[in-house]
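A quick write-up on the structure given underneath.
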Amino acid sequence: MAKGEFAVIGTGEVPYGSYPDRSEFEIAYRVAKLAIEDAGIDKDEVGAVIGAAHIMGDSYNTELFFGRLPEAIGARNCKITASTISGGASSFSIRKTVEGILASGETDTVLVVHAQRFSQFSVNQLATYFAAAGSDPEWDVPYGMTYNSLAAMVTQAYLDRTPTTIEEVASVCVTLRKWAMLQPNAMFNSKELTVEKVLNSKMVAYPLTNLMCNVLADGGCAYVMTTAEKARRVCQKPVYVLSDASDYSHRSITSAKVKDFSGIVGSLGTLANRAYERAGLGPEDMDIFEIYASYPSVTLMVLDTLGVTEPGTSGQLVASGKCDPGGPFPISTNGEAMGMGHTGTGVGLSVFVESVRQLQGKAGRAQVEGARFLIENCGGGAFMDCHFTVLGNEVPGGFAS
Amino acid sequence: MSQNQDIKELLGLSDADMVKPLPQPTPWSRPFWEATREHRLVLRRCDSCGTYQHPPYPYCEVCWGEEFSWVEAAGRASLFAFSVNHFAVPFPFWGDLPYVTAIVELPEGVRMISNVVECDHEALHDGMELEVVFDDVSEEYTLPKWKPVGR
């Protein structure tokens, strides 16, 4: 991929939260229309539709695999439809699929759709599913592991091995809530949090309290991606993909590549630097740090690697308020999983869609004024991988062509 | 067990809902579970390169060797990371709350997820020395767990 070869020109999103009467299909069809309208193109320009397979919902997935989306939204000139998934890293693997299709020349316009409805499942179904998703069914699940206990162990290790305090971890929840309060579609956008409230909420898995654990949500979003050439022609403010950098570590946390995880994600160390270098930019050029972490301690581990603070001290940075709305280091401006709600494979997509909105100047009350460049990330599994992406509404050094 | 019974009645759960998940061995992991049944902790060592691998896969992750020995482990570990579960666990584990899940590191160089038992939760700390204990969770299966050395 050459720098700035592909661009996003429009996004769509529905409210996140508990909407048991709203099917995945309704979500998918709605966000598709919103994204195409936002892009300002005709639906008949869409030549490929890629759906994010969603977690646990077999019937929706089957429909995706069998080509429901292009028919339903009336994409009459669609040539390719497919579903791509890599858990929480799906926003990355989907976009790579899209870039491959665009590079093939078969079409210059691709629509990406995500929809999730967790509220159709019982609490025990969800607990059991996520226990086995975050942990090895043979080696971990018989010990009563849950996704929260996995994140709790990672948090405990991070607190043990860095100067970070549990109050600083709680301050991440407060900051993410402040951002979510500015988002009309966020699940948690009505009540402010305080560090005390977070610390005093019910203990779920020490050291994580209830308000440090994300909540599963129904929701969905979509975006339209095209070639840079077409983007410049049809869109006033396209958002260009400037670079990516990726690494995979493990399935089971016990097999993590880097043994000293003072930050498990942070152990992926110099990954963000590689993304910066490939974009020809540095951390000082970033206007926003769109971190996908799902748990507040993991937000700190990612922030530790972004070149804005010494590793292990990002807790101090967040607690100082500098990552809040109006601060010099905005993070996760839609509140991420903790604020938007956790939509399974969709968290990374919602972070990506928010990244695009910010760079298009369409982020409403959450808008970071004059944002030009940002770095965003996603990752899946039990912290199995990490992908950093630098986006911009201009291409440093101009276009290669 | 009373907390366990409470949630069962509260939510109208069936007996099947309260059955704890057991290991589902593969052909290449079965010797591990056969040994724990006899209250022995064994690890798989590659005959070609000497690597201990846990969890095991059909061939050695390092050299792709296919010949192995199952070697008696020292039965010691150090606590690498832990969490204390208080809420929102799958229903079969409700009666065990609060319980400790942990990553333990064995001197043989492998890590495992397990429970730390017979311990004061307040006194848990990373680097703590542990020794293996065996929990016969069913007729067929025994889970290796860990407790602080000397307790």
Across B:134-140, the residue-averaged tally of Cβ atoms belonging to other chains within 10 Å stands at 1
The range B:1-70 and the range A:171-188 have their Cα centres apart by a whole-number Å value of 41 Å
Can you give the FRET efficiency for A:Q236 and A:A82, using 1/(1 + (r/R0)^6), R0 = 25 Å, r = Cβ-Cβ distance, to the nearest 0.05? 0.25
The range A:12-149: percent of C-alpha pairs farther apart than 23 Å? 40 percent
Would you calculate the separation in nanometres between label points at B:E34 and B:E9, each defined as 7 Å from the Cα along the Cα-to-beta-carbon direction? 4.5 nm
A:S355, B:S138, reordered so the largest accessible area comes first (probe 1.4 Å): B:S138, A:S355
What whole-number distance in Å separates the alpha-carbon centres of the range A:1-63 and the range A:300-371? 22 Å
Area accessible to solvent at A:E196, 1.4 Å probe radius, in Å²: 110 Å²
At 1.002 mPa s and 20 °C, Stokes diffusion of the range A:93-132 via Kirkwood alpha-carbon radius, µm² per second: 165 µm²/s
If R₀ is 30 angstrom, what is the calculated FRET efficiency for the pair B:E108 and B:V137, using the beta carbon separation as r and rounding to 0.05? 0.80
Rg from C-alpha atoms of the range B:75-119, normalised by the globular rule of thumb 2.2 N^0.38 Å, equals 1.27
Mind checking which aspartates and glutamates have their C-alpha under 16 Å from B:K20, skipping anything on the same chain fewer than 8 residues away? A:D136, A:E138, A:D140, B:D96, B:D135, B:D136, B:E139, B:E140
Amide H of A:G10 versus every other amide H placed in the peptide plane: which residues, excluding those fewer than 5 positions away on the same chain, fall under 5 Å? A:V224
How would the range B:86-151 be classified by its alpha-carbon gyration tensor: rounded, prolate or oblate, with rounded meaning a/c under 1.5 and the a/b versus b/c comparison settling the rest? oblate
Taking N as the number of residues in the range A:116-183, what is its alpha-carbon radius of gyration divided by 2.2 N^0.38 Å? 1.42
Could you work out, residue by residue across A:128-141, how many beta carbons of other chains sit within 10 Å of that residue's beta carbon, and then give the average as an integer? 4
Which value in deg cm²/dmol, rounded to the nearest 500, describes the helix-derived mean residue ellipticity at 222 nm for chain A, given -39,500 (n - 2.57) per DSSP H run of n ≥ 4 and division by the residue count? -10500 deg cm²/dmol
Normalised per residue, the volume inside the convex hull of the alpha-carbon atoms of the protein assembly as shown in Å³ amounts to 155 Å³
So how much accessible area does B:Y99 have, in Å² to the nearest 10, using a 1.4 Å probe? 20 Å²
Between A:R365 and B:W70, what is the spin-label point distance in nm, taking each point 7 Å from the Cα along the Cα→C-beta axis? 6.2 nm
Using alpha carbons only, how many angstrom separate the centre of the range B:133-151 from the centre of the range A:94-129? 42 Å
Could you pull the Cα extents of the range B:1-61 along its three principal axes, largest to smallest, in whole Å? 55, 22, 15
Using amide H atoms built in the peptide plane, which far-off residues or other-chain residues are under 5 Å from B:Y99 H to H? B:N85
What would the Debye formula give as log10 I(q)/I(0) at q = 0.10, 0.13, 0.16, 0.20 Å⁻¹ for the alpha-carbon point model of the range B:3-148, no solvent? -0.41, -0.67, -0.94, -1.24
Counting other Cβ atoms within 10 Å of each Cβ, which chymotrypsin sites (Phe, Trp or Tyr not before Pro) in the range A:370-399 have at most 15 and sit in a DSSP loop? A:F399
Please report Rg (one decimal) and Dmax (integer) in Å for the Cα set of the range A:64-127. 14.6, 46
Suppose each label sits 7 Å from its Cα in the direction of the beta carbon; what would the A:K33-A:Q120 distance come out to in nanometres? 2.0 nm
Can you give me the long-range amide H partners of B:D135? Hydrogens built in the peptide plane at 1.01 Å from N, cutoff under 5 Å, separation of 5 or more residues or another chain. B:L143, B:K145
Can you spot the lysines whose alpha carbon is less than 30 Å from A:K322's alpha carbon? Ignore those fewer than 8 places along the same chain. A:K178, A:K191, A:K197, A:K202, A:K237, A:K362
Rounded accessible area of B:E105 (nearest 10 Å², 1.4 Å probe): 60 Å²
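The values are calculated or read from the model by the stated rules, or taken from the named source; none is laboratory data. Keep in mind that this is a model prediction, so the values were computed, not measured. Counting neighbours? That spans all protein chains shown, and the Cβs are built from the backbone with ideal geometry, glycine included. Areas reflect the complete protein model, heavy atoms only, side chains present, ligands, DNA and RNA absent. Shrake-Rupley method; radii C 1.70, N 1.55, O 1.52, S 1.80 Å.
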